[in-house]
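Student: One structure, as structure tokens, below. Some questions next.
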Amino acid sequence: MAKAKTIFFCTNCGHQSGKWIGKCPSCSEWNTFEEEVVSKPTSKDTGNIANIKSVPTAVQDISSDNEKRIDTKSIELNRVLGGGLVAGSVVLFGGEPGIGKSTLLLQVALNLEGKKILYISGEESQQQIKMRANRIGIQNPECYLLNETFTDSIFKHCKDVNPDLIVIDSIQTLHTDIIDSSPGSISQIRETASQLQRYAKSTNIPVLLIGHITKDGNLAGPKVLEHMVDTVLQFEGDRHYGFRILRSVKNRFGSTSELGIYEMQSTGLREVTNPSEILLSQRDELTSGVAIAAMVEGQRPLLIETQALIGTAAYGTPQRSSTGFDLRRLNMLLAVLEKRSGFKLSTKDVFLNIAGGLKVDDPAIDIAVVAAIISSFEDVAIPPNVCFAGEIGLSGEIRAVSHVENRISEAEKLGFEKIVLSKYSLKNVNLKRYKIEVIPVSKVGELVDVLL
Ligand code: TYD
Ligand code: MG
């Protein structure tokens, strides 16, 4: 019989300690240690050389057949996964409660016609899941639902059903009897996840895990969980908007800069294959302070609306507020505008908003932000058929951006007639291919001339 023992774990990073400590020596967080009962494996389980089955193999002799990818029948999910689901991989889906994780994975399971899926839920009853399935629409007759949280029974059922794909909702509800602590505790999460990881690798069946996130936006459970799985996807979005964004945070089989966009509807999640349509807000009249940025996230072009409002500061210190854009970067752009083009912005309130609740990383959004600010400051509207792409440097130069042709063709496709681009991005671009007018700019001053 295993010997019971208590250990303290850091709930943030999973660091172990024999006694309680206030500050984690590993991640420097305060007050994160919790006591858990663990049982030491008996000596029989460890260090037994007779059990070793692995053999070293030369790289060229290893077949890469198991890199074959399963088409998830969802363009967005395939893209985020890097081209489909890799056999034997473990994918973790994180997200706030109610964002739509269960809906997304049930939808994947129900749409995968011709594949056998085992959907294991520790959170909802079969009837509840069935109700949701009815809303989504069932296309796959071989989608099996199971209410189970004990990992040994799960593996037994997997053996009986022999599925092509396993979905677990959620990792925090699973438990194993190797460990005495309660489900959701760090040692349980760690142990059950590693059991699933071993199962996926040995059977080549992919496992999709749902994981809860904590109030500060991290995946609940130790960082170890993120290290153990192959891919971590984050499902996020503003609950007041219908849009949901699936972002890849870690991916052993593809790029992490891809994103998928969905819209929550009464019949489940709809894939948004042309996101620019929803990200450009509908306007009937021209207003100042709005500029469209031609962005690229991963490989994917997106046209996004940036909105700025400049007002006279009513109180001594002007306010600077930004949604979806880094505030420090906004302050830097304001300083550049003031210094290089003489706009007196230091006494003004500046509010900036990226439409659609998106957070963007692409630095090419800079000149759209600046254009929106100038437009609001001068109260001159920017014509709706113009869009912008370029990064701004400290000396006011407009720097080259990546994926120029992607941006130009997306803008043209969506009916824009002019695109303002950094002059330095146009070196190797054949502009004759496009009908859209390209306006090259190299300094903030030139951008101001284009606008006013
Ligand atoms: P859910 O998948 O249960 O979220 P999670 O598993 O991340 O906690 O999604 C719940 C929300 O989605 C709920 O507020 C209702 C909404 N929803 C729809 O709007 N349409 C639908 O077809 C479904 C199934 C859910
Ligand atoms: Mg759920």
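Student: Between a first residue in the stretch 110-129 that is not assigned by TED's automatic domain parsing to the domain that holds LEU208 and a second residue that is within 14 Å of ligand 1 (Cβ to nearest atom), which pairs have beta carbons less than 6 Å apart while being 6 or more apart in sequence or on different chains?
Tutor: Qualifying pairs under 6 Å: none.
Student: Checking LEU104 against (1) assigned to a helix (DSSP H, G or I); (2) open to solvent by 10 Å² or more (accessible area, probe 1.4 Å); (3) within 23 Å of ARG252 (Cβ to Cβ), only one condition comes out false. Which one?
Tutor: (2)
Student: So in the stretch 398-435, with the set limited to residues that are of a type in the set (Gly, Ala, Ser), buried (at least 23 other Cβ atoms within 10 Å of the Cβ) and more than 20 Å from THR273 (Cα to Cα), which one is modelled with the highest pLDDT?
Tutor: SER422
Student: More than 14 Å from ligand 2 (Cβ to nearest atom) and of a type in the set (A, V, I, L, M, F, W, C), is that true of ILE136?
Tutor: In short, no.
Student: Output yes when any residue across the stretch 289-297 is of a type in the set (A, V, I, L, M, F, W, C), in a loop (DSSP other than H, G, I, E, B) and touching a helix residue (DSSP H, G or I) at 6+ places or on another chain (Cβ under 8 Å), and no when none is. Walk me through how you get there before you give the answer.
Tutor: Taking the stretch 289-297 and keeping what is of a type in the set (A, V, I, L, M, F, W, C), we get 290-296.
Cutting the leftovers down to in a loop (DSSP other than H, G, I, E, B) gives us none.
Taking every residue of the stretch 289-297 in turn, none turns out to be of a type in the set (A, V, I, L, M, F, W, C), in a loop (DSSP other than H, G, I, E, B) and touching a helix residue (DSSP H, G or I) at 6+ places or on another chain (Cβ under 8 Å).
Student: Also: Quick check on SER153: is it in a helix (DSSP H, G or I), under 30 Å from ILE7 (Cα atoms) and either open to solvent by less than 10 Å² (accessible area, probe 1.4 Å) or away from ligand 2 (no atom under 16 Å from the Cβ) (or both)?
Tutor: Against the criterion (in a helix (DSSP H, G or I), under 30 Å from ILE7 (Cα atoms) and either open to solvent by less than 10 Å² (accessible area, probe 1.4 Å) or away from ligand 2 (no atom under 16 Å from the Cβ) (or both)), SER153 qualifies.
Student: Moving on to the next point. Among the residues of the stretch 401-452, write down those that are in a strand (DSSP E or B) and among the hydroxyl-bearing types (Ser, Thr, Tyr).
Tutor: SER422 - this is the single residue of the stretch 401-452 that is in a strand (DSSP E or B) and among the hydroxyl-bearing types (Ser, Thr, Tyr).
Student: Any residue in the stretch 322-351 that's touching a residue at least 12 places away in the same chain (Cβ under 8 Å) and under 15 Å from GLU397 (Cα atoms): show its pairings with residues that are open to solvent by 30 Å² or more (accessible area, probe 1.4 Å) and outside any helix (DSSP H, G or I) at Cβ separation under 7 Å, as long as the two are six or more apart or on different chains.
Tutor: VAL336/LEU394
Student: Consider SER26 against the criteria (1) modelled with pLDDT under 90; (2) within 23 Å of ILE189 (Cα to Cα); (3) not in a loop (DSSP other than H, G, I, E, B): it satisfies all of them except one. Which criterion is unmet?
Tutor: Single failed check for SER26: (3).
Student: Please list, ordered by first then second residue, the pairs with beta carbon atoms under 6 Å, 6 or more apart or interchain, first in the stretch 156-179 and open to solvent by less than 60 Å² (accessible area, probe 1.4 Å) and of a type in the set (A, V, I, L, M), second in a strand (DSSP E or B) and more than 14 Å from ligand 2 (Cβ to nearest atom).
Tutor: Pairs found: VAL161/LEU118; VAL161/TYR144; LEU165/ILE117; ILE166/LEU118; ILE166/VAL207; ILE179/VAL38.
Student: State all residues of the stretch 66-101 that are under 16 Å from ARG244 (Cα atoms), open to solvent by 60 Å² or more (accessible area, probe 1.4 Å) and either away from ligand 2 (no atom under 16 Å from the Cβ) or among the basic types (Lys, Arg) (or both); if no residue qualifies, say none.
Tutor: Scanning the stretch 66-101 gives ILE75, ARG79.
Student: Report, by residue number, each residue of the stretch 84-102 that is under 19 Å from ARG270 (Cα atoms) and more than 16 Å from ligand 1 (Cβ to nearest atom).
Tutor: Answer for the stretch 84-102, where residues must be under 19 Å from ARG270 (Cα atoms) and more than 16 Å from ligand 1 (Cβ to nearest atom): just GLY84.
The values are calculated or read from the model by the stated rules, or taken from the named source; none is laboratory data. All of these numbers come straight from a predicted model, not from anything done at the bench. Cβ coordinates were reconstructed from backbone atoms using ideal geometry, including for glycine residues, and neighbour counts include every protein chain displayed. All accessible areas refer to the heavy atoms of the entire protein, side chains included, with ligands and DNA or RNA removed. Shrake-Rupley method; radii C 1.70, N 1.55, O 1.52, S 1.80 Å.
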